[in-house]
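This report refers to the structure that appears directly beneath it.
The values are calculated or read from the model by the stated rules, or taken from the named source; none is laboratory data. Quick caveat: nothing in here was measured; it's all calculated off a predicted structure. Reconstructed Cβ throughout: ideal geometry from the backbone, glycine too, with neighbour counts over all protein chains shown.
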Amino acid sequence: MIIDQKDNISIITQEKATIIELVKKIETLYPKFKGNNIIISLTSLRPIVLEDILEFLQLSNLHRKAKNSFVIVSDKMDLNMVPDEIIVVPTLQEAFDVIEMEEMERDLGF
């Protein structure tokens, strides 16, 4: 797990471990990230299935409830299959764009 920080965005990149191991690591380290927007980059992993993405649902809901963005980056799955409760985009740039839009919405009171 590689962690990069850009302003108020924590970018977590997974290269080797399983999705379940990654979710457990993030939950353990969550106090470190809880005030930031989070991007989870899964672009270097094998093809991702919906069940893998759903492992992040509880963490995503917790983070978004606290008025922070939680975005997963994966170009290895059908994005039409992803439920609306979790945000998955194909590129890192799109993840930054989503966070920017959500921050504007929060500033406007939505």
Report task. Considering each of I11, I26, I19 in turn, give the residue that is surrounded by 12 or more Cβ atoms within 10 Å (Cβ to Cβ), in contact with a Leu (Cβ under 7 Å, 6 or more places away or on another chain) and on the phi < 0 side of the Ramachandran plot. Result -> I26
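Could you tell me which of the residues K65, K25, K16 is more than 20 Å from F96 (Cα to Cα), modelled with pLDDT of 90 or more and more than 12 Å from the chain's Cα centre (by Cα)? Reasoning before the result, please.
Values: K65 fails: more than 20 Å from F96 (Cα to Cα); K16 fails: modelled with pLDDT of 90 or more.
One residue alone meets the criteria, K25.
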Report summary line: Residues in region 47-79 that are touching a Phe, Trp or Tyr at 6+ places or on another chain (Cβ under 6 Å) and free of Cβ contacts under 8 Å to residues at least 12 places away in the same chain total 1
Requested in this report: Tally the residues that are more than 14 Å from S60 (Cβ to Cβ), out of contact with any helix residue (DSSP H, G or I) (no Cβ under 9 Å at 6 or more places or on another chain) and hydrophobic (A, V, I, L, M, F, W, C), restricting the search to region 1-48.
Outcome: 2
Query raised in the report: Of the residues that make up region 41-56, is at least one more than 24 Å from R106 (Cα to Cα), in a helix (DSSP H, G or I) and not aliphatic (A, V, I, L, M)?
Result: yes
Query raised in the report: Quick check: is even one residue across region 40-56 within 23 Å of D84 (Cβ to Cβ) and basic (K, R)?
Result: no
